[in-house]
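Asks: To start, I am sharing the structure in question, which I have written as structure tokens.
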Amino acid sequence: MEIYDMHCHLNEFEKNELEEIFKNNIKVVAVSEDTKSLNKIIELSNIYPKNVIPCGGFHPWMIKEGKIDEAKTVLKIVQKNGLKCIGEVGIDKRFLSEDTYKIQEEIFLSYVNLAKELNSMINIHSPNAWSEVLSILKNKEIERAMFHWYTGPLNLINQIISQGYVISLNVALMIQTKHQKIIDETPLSNVVLESDGPYNYHGIRLSPLMLYKFVDFISDIKKVERDNIILTTSKNAKKLLNLR
């Protein structure tokens, strides 16, 4: 039974790790941060076409690293390749300073417009900007969007899913106790899974290989059989990616 990791920095894993991930029947949406990571992801998708779905985007954190010019380059690569997924893109009001908000929004809007043009899903990074991002998506009439590693307000979940958008639950929720209520509050029909690997969260190196354990964790909370969780989240992932 296949399972989908809808947000992973696959380009940062070693070859032996990739083989272990794919051996476990895990399909991975590989997100990019800049030009270098996107080129590597496209390369991986050509090597492992059955397991890797390339997702092209410019991470807001790249702004503080002085890579603003790469936002346009990445945009052109995404457009040229007609990618089904655009990301990781968004607005960050938790980790970035207020003087970057305007340029963040401008860059994000350029990717939202491209998602509309290509009819692609958008894979969103939006710490402390959940409401602002949702408003932009609604105003631009974006059809398919995923709120990556959602830790926003519980009362915003219904607004997100009422637009047909999806909440991505991260494996870190197994230890991120203050946000575990999100698992209970989000209907399975609007849930997908992710690792955001190999991000180091409180000393734990996140990985797609944690997904099966996470499914068991969700199963205990939602009182739903694990196979049903895998089947439903995989179905949601395919719909989001417009895959048959």
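Asks: Would you point out which residue out of I136, I122, I103, I107 is at pLDDT 95 or above and part of a strand (DSSP E or B)?
Replies: Answer to the check: I122.
Asks: Any residue in region 119-138 that is surrounded by fewer than 22 Cβ atoms within 10 Å (Cβ to Cβ) sitting within a Cβ distance under 9 Å of a residue that is assigned to a loop (DSSP other than H, G, I, E, B) and of a type in the set (D, E)? List the pairs, counting only those 6 or more apart or interchain.
Replies: N119/E143; P127/D92; N128/D92
Asks: Within region 213-227, track down each residue that is touching a residue at least 40 places away in the same chain (Cβ under 8 Å) and out of contact with any helix residue (DSSP H, G or I) (no Cβ under 8 Å at 6 or more places or on another chain).
Replies: Looking only at region 213-227, we keep the residues that are touching a residue at least 40 places away in the same chain (Cβ under 8 Å), and these are 213-215, 217-218, 221, 227.
Hit for region 213-227 is D227, nothing else.
Asks: Is it the case, given these coordinates, that V78 is within 17 Å of the chain's Cα centre (by Cα), within 15 Å of S110 (Cα to Cα) and crowded, with 18+ Cβ neighbours inside 10 Å?
Replies: Taking the combined requirement at face value, the residue satisfies it.
Asks: If I ask for residues that are in a loop (DSSP other than H, G, I, E, B), hydroxyl-bearing (S, T, Y) and out of contact with any helix residue (DSSP H, G or I) (no Cβ under 9 Å at 6 or more places or on another chain), which ones from region 139-165 would you list? Walk me through it before giving the result.
Replies: Residues of region 139-165 that are in a loop (DSSP other than H, G, I, E, B), as a first pass: 140-144, 148-153, 163-165.
In the following step, the residues that additionally are hydroxyl-bearing (S, T, Y) were identified as 150-151, 165.
None - no residue of region 139-165 is in a loop (DSSP other than H, G, I, E, B), hydroxyl-bearing (S, T, Y) and out of contact with any helix residue (DSSP H, G or I) (no Cβ under 9 Å at 6 or more places or on another chain), so the list stays empty.
Asks: Kindly evaluate L231 against the criterion of being buried (at least 21 other Cβ atoms within 10 Å of the Cβ), part of a helix (DSSP H, G or I), out of contact with any helix residue (DSSP H, G or I) (no Cβ under 9 Å at 6 or more places or on another chain) and not basic (K, R).
Replies: So L231 fails the test.
Asks: Does I21 fit the bill of being touching a helix residue (DSSP H, G or I) at 6+ places or on another chain (Cβ under 9 Å), without any contact (Cβ under 8 Å) to a residue 60 or more places away in the chain and either buried (at least 24 other Cβ atoms within 10 Å of the Cβ) or more than 21 Å from S207 (Cβ to Cβ) (or both)?
Replies: no
Asks: Within region 122-145, does at least one residue satisfy the condition of being under 23 Å from D216 (Cα atoms) and in contact with a Leu (Cβ under 7 Å, 6 or more places away or on another chain)?
Replies: There is no residue in region 122-145 that is under 23 Å from D216 (Cα atoms) and in contact with a Leu (Cβ under 7 Å, 6 or more places away or on another chain).
Asks: Looking only at region 168-205, count how many residues are buried (at least 22 other Cβ atoms within 10 Å of the Cβ) and assigned to a strand (DSSP E or B).
Replies: 7
Conditions (1) in contact with a helix residue (DSSP H, G or I) (Cβ under 9 Å, 6 or more places away or on another chain); (2) more than 27 Å from I42 (Cα to Cα), marked per residue:
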| site | (1), (2) |
| --- | --- |
| W61 | no, no |
| K67 | yes, no |
| E70 | yes, no |
| K84 | yes, no |
| I91 | yes, no |
| S135 | no, yes |
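Asks: Among the residues of region 122-149 satisfying the criterion of being within 10 Å of the chain's Cα centre (by Cα) and not aromatic (F, W, Y), which is nearest to G197 (Cα to Cα)? Steps first, answer last, please.
Replies: Step one: filter region 122-149 for residues within 10 Å of the chain's Cα centre (by Cα), giving 122-125, 145-149.
Those left that are additionally not aromatic (F, W, Y): 122-125, 145-146, 148.
On the way: I122: 19, N123: 15, I124: 16, H125: 14, A145: 20, M146: 17, H148: 13 Å.
Among them, the one singled out is H148.
Asks: Could you please let me know if Y150 is within 24 Å of L243 (Cβ to Cβ), aromatic (F, W, Y) and touching a residue at least 40 places away in the same chain (Cβ under 8 Å)?
Replies: Values: within 24 Å of L243 (Cβ to Cβ): yes; aromatic (F, W, Y): yes; touching a residue at least 40 places away in the same chain (Cβ under 8 Å): no.
Answer is no for this residue.
Asks: Given the residues L44, L38, which is the only one that is closer than 21 Å to A237 by Cα, in a helix (DSSP H, G or I) and out of contact with any Ser or Thr (no Cβ under 7 Å at 6 or more places or on another chain)?
Replies: Details: L38 fails: out of contact with any Ser or Thr (no Cβ under 7 Å at 6 or more places or on another chain).
Just one listed residue meets the conditions, L44.
The values are calculated or read from the model by the stated rules, or taken from the named source; none is laboratory data. Note that the structure is a prediction, hence the values are computed from the model and not measured. Neighbour counts run over all protein chains shown; Cβ positions are idealised from the backbone, glycine included.
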